[in-house]
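Q: Here it is, the structure, as C-alpha cells.
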Amino acid sequence: MINRLVIRPATESDISTAFKLIGELGYPDVKFPEFARTYTASQQHPAMTLLVAEYDGVVVGLASISRRPQLRLAGDLITIDELVISDRLRGSGIGKAILEQIKSMCSELGARRLELETTRTRESYERRFYVKNGFSEANSAVMRIDFARQ
C-alpha cells in the first residue's frame, strides 16, 4: 500500500479535497469562502507547510504544520496544527507515513520540538496513535479565547 502513497506539498488544486478532509476531522461548520482564504494564506505564509497524502492519485490526507522560534527551547518548535486521513483509510498506515515525513522535516530543519494538540475523545487519541508514533503526552493545559466571527 505504501508504494501507492505519495506525500507532497499541497497545491491550489487540492483545496476542495482539503476542505472535505477538515470536515471529516470534525469541523463541518467551517464555511468554504473563509477556508479558501485561510488555505491560500497558509500556503503563502513562510512559517507554514501544507502537505497532502495521495493514494493512487487521490488526495486522502492533509497535514498543516507551523514552525516558529521559541525562547524557552532556544530553537524552533514545529507544531502539527491539523492532521487528518480520510475516514475510509484511517488505520491503513497513511497517518504514520505523514508523521514520518514531518519528523524527517523536523530533523532536517534542526527543530528542538515537535508537538500537536488533540482531544482525549478523538479516535486517534483513544487508540494511542500518537504515542505509538513516538509522542508523549505533556502535562499541560490549553488555555484559549475564541473570538466571534463577524
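Rule-based calculations on the coordinates, nothing more; no lab input. As the structure is a computational prediction, the values presented were derived from the model and not from experiment. Cβ placement follows ideal geometry from the backbone for every residue including glycine, while neighbour counts extend to all protein chains displayed.
Q: Contact list please: Cβ distance under 7 Å, first residue in the stretch 5-33 and over 15 Å from Val59 (Cα atoms), second residue crowded, with 16+ Cβ neighbours inside 10 Å, pairs at least six apart or on different chains.
A: Listed by first residue and then by second, the contacts come to Val30/Ile22; Phe32/Phe19.
Q: Are any residues in the stretch 1-22 more than 21 Å from Ser66 (Cβ to Cβ) and not β-branched (Val, Ile, Thr), and if so, which ones?
A: Of everything in the stretch 1-22, those that are more than 21 Å from Ser66 (Cβ to Cβ) and not β-branched (Val, Ile, Thr) turn out to be Met1, Asn3, Arg4, Leu5, Ser13, Ser16, Lys20.
Q: Could you please tell me which pairs satisfy a Cβ distance under 6 Å, a separation of 6+ or placement on different chains, a first residue in the stretch 37-64 that is touching a residue at least 24 places away in the same chain (Cβ under 8 Å), and a second residue that is among the charged types (D, E, K, R)?
A: Val52/Asp14; Tyr55/Arg4; Asp56/Arg4; Val59/Asp14
Q: In contact with a strand residue (DSSP E or B) (Cβ under 9 Å, 6 or more places away or on another chain) and in a helix (DSSP H, G or I): does that describe Gly26?
A: Here the answer is no, as Gly26 does not meet what is asked.
Q: So, one more: Across the stretch 89-127, which residue is surrounded by the most Cβ atoms within 10 Å (Cβ to Cβ) among those that are without any contact (Cβ under 8 Å) to a residue 24 or more places away in the chain, part of a helix (DSSP H, G or I) and of a type outside the set (Asp, Glu)?
A: Applying the filter and picking the extreme gives Tyr125.
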